[in-house]
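A.B. asks: Here's a structure for you.
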Amino acid sequence: MRKTDTFFVIHNFNTVPEELVGYCRDYIIYDASIDPKVTAELEKRGYHYMHIENTGHNITTYFQYFSDYYDSLPEYVCLCKGNMLGRHCSKKYFDRVYDNRYFTFLYEDKDIFAKLKQQGIVSAEGDPIECLVSESRYLEENTSWYVESPNHPHRYFDEYNSLLSFIYKKPVTPKYNVFSPGACYIVGRSQVRKHTPEFYRNLNKIMNYGMSPSFPSEAHHVERMLPVIFCESYEENEWMNDEELFDKKIEEQIPLIQFQDSIRGKRMKKLRKLEYRLKKGIGL
C-alpha cells in the first residue's frame, strides 16, 4: 500500500492506532487516553504524539490543531479517530478513499437501514426517517434530539439552529443535516483557512467546558455543522473572530438558555426524550 502525503490528525483514546499510522507519511496523534498502558505503548513505538486533556470527543482536537498550526497547515488533512476503522467506516472503504485530494466524508454503514428500522426510527409508511443520501453521507432530520440526553448537558445552546445563527449572519436553517457521524473527514487547507484561528478557539470554548457526566451537547451541534463550516460561505458574526468580544457574547447566552429551559413546553421535552431513546448510539 502506498503511503499518502495527506497529513493525518489522529484523535486517540485508549487505543494504539497502528493501522492508521500505516496509511500516511506524516501524522500527529493527540492522545487523550486515560489508560497509562496505551501512552506507554505509543512511547515505546516512537509514535509522534502529544498528550491532551480528554474532552470526551474529537472535534476540539481538530480545532486546536487548526489554531496551533494555522500558518503551516499541509495541503490536505485527514481528520480521524484512533478507532475510526471498524467503527465509523470499514477498512475496505478507507482503502479506496484515504488518498483523496478533495473533501471526503469518512463514514460508511451498509447496514444503516436495518439498524434504523430495528430502533424504530421510521415514518408512518415504515421507511427510515434518517438515511444515507450517498455511500458516505448521513442525512438526519434537524430536531436537535440529542439535547435531551442526560449524559450531555448544555450551557449555551439547546438547538442546532440557534448556534448556527450565533456563528453566522442569516444562515439557511436546514430541515435536514448531512454530515459524517463521528466527525471524520479529509479536508483541504483552503477549507480550514476560510476561518481564522480565533474562530476555532472560540468554538472550542462551547465544547470543552466540562465532563459532567460527559461532553456538552453543543459538540453534537458542531458535529452536524462541520460540512457547513468547511464548505459554506456564510458571513460570520464579528464576535467569532474576536476572542474578547466572543467571551462577552457567549456569557449572555447563559441566562437566555436558562430561561428557555424553564419555559420549554412539556410536549416538546417529551418528544425530544422519545427521539433520544430511539436514536442514542448514532454519532460521536
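The values are calculated or read from the model by the stated rules, or taken from the named source; none is laboratory data. Model, not experiment: these values are computed from the prediction. Counting neighbours? That spans all protein chains shown, and the Cβs are built from the backbone with ideal geometry, glycine included.
A.B. asks: In region 173-191, which residue that is surrounded by fewer than 22 Cβ atoms within 10 Å (Cβ to Cβ) and β-branched (Val, Ile, Thr) is farthest from the chain's Cα centre (by Cα)?
C.D. replies: THR173
A.B. asks: Restricting attention to region 80-91, does a residue exist that is among the small types (Gly, Ala, Ser), without any contact (Cβ under 8 Å) to a residue 60 or more places away in the chain, on the phi < 0 side of the Ramachandran plot and crowded, with 21+ Cβ neighbours inside 10 Å?
C.D. replies: There is no residue in region 80-91 that is among the small types (Gly, Ala, Ser), without any contact (Cβ under 8 Å) to a residue 60 or more places away in the chain, on the phi < 0 side of the Ramachandran plot and crowded, with 21+ Cβ neighbours inside 10 Å.
A.B. asks: Just to be sure before I move on: is ARG267 modelled with pLDDT under 90, exposed (fewer than 14 other Cβ atoms within 10 Å of the Cβ) and over 30 Å from LEU85 (Cα atoms) in the structure I sent?
C.D. replies: The answer is yes for ARG267.
A.B. asks: Related question: Please enumerate the residues belonging to region 175-221 that are touching a residue at least 40 places away in the same chain (Cβ under 8 Å), out of contact with any helix residue (DSSP H, G or I) (no Cβ under 6 Å at 6 or more places or on another chain) and among the polar types (S, T, N, Q).
C.D. replies: Residues satisfying the conditions are SER180, SER212, SER214.
A.B. asks: Within region 185-217, track down each residue that is part of a helix (DSSP H, G or I) and small (Gly, Ala, Ser).
C.D. replies: SER190 - this is the single residue of region 185-217 that is part of a helix (DSSP H, G or I) and small (Gly, Ala, Ser).
A.B. asks: Moving to a separate point now. Scan region 222-231 and tell me whether some residue there is farther than 16 Å from ASN161 by Cα and touching a residue at least 12 places away in the same chain (Cβ under 8 Å). Full working, then the answer.
C.D. replies: Pass one, region 222-231, residues farther than 16 Å from ASN161 by Cα: 230-231.
Among the residues that remain, those that are also touching a residue at least 12 places away in the same chain (Cβ under 8 Å) are: 230-231.
The answer is yes, given that some residue of region 222-231 is farther than 16 Å from ASN161 by Cα and touching a residue at least 12 places away in the same chain (Cβ under 8 Å).
A.B. asks: Would it be correct to say that ARG189 is touching a strand residue (DSSP E or B) at 6+ places or on another chain (Cβ under 8 Å), under 25 Å from ASN83 (Cβ atoms) and among the basic types (Lys, Arg)?
C.D. replies: no
A.B. asks: Under 6 Å between Cβ atoms, which residue pairs at least 6 apart in sequence (or on different chains) link something in region 157-174 that is in a loop (DSSP other than H, G, I, E, B) with a partner that is among the charged types (D, E, K, R) and modelled with pLDDT under 95?
C.D. replies: Final answer for the pair search is PHE157/GLU218.
A.B. asks: Under the condition of being farther than 19 Å from ARG25 by Cα and within 19 Å of the chain's Cα centre (by Cα), which residue from region 67-79 is surrounded by the fewest Cβ atoms within 10 Å (Cβ to Cβ)?
C.D. replies: Ranking the qualifying residues of region 67-79, first place goes to ASP68.
A.B. asks: Testing TYR30 on (1) over 30 Å from PHE199 (Cα atoms); (2) of a type outside the set (S, T, N, Q); (3) modelled with pLDDT of 95 or more; (4) outside any helix (DSSP H, G or I), one condition comes back false. Which one is that?
C.D. replies: Just one mismatch for TYR30, condition (1).
A.B. asks: Among residues belonging to region 193-227 that are surrounded by fewer than 21 Cβ atoms within 10 Å (Cβ to Cβ) and aliphatic (A, V, I, L, M), point out the one that is modelled with the lowest pLDDT.
C.D. replies: The selected residue is MET211.
A.B. asks: Name the residues in region 145-177 that are within 19 Å of GLN258 (Cβ to Cβ) and among the aliphatic types (A, V, I, L, M), would you?
C.D. replies: Scanning region 145-177 gives VAL147, LEU163.
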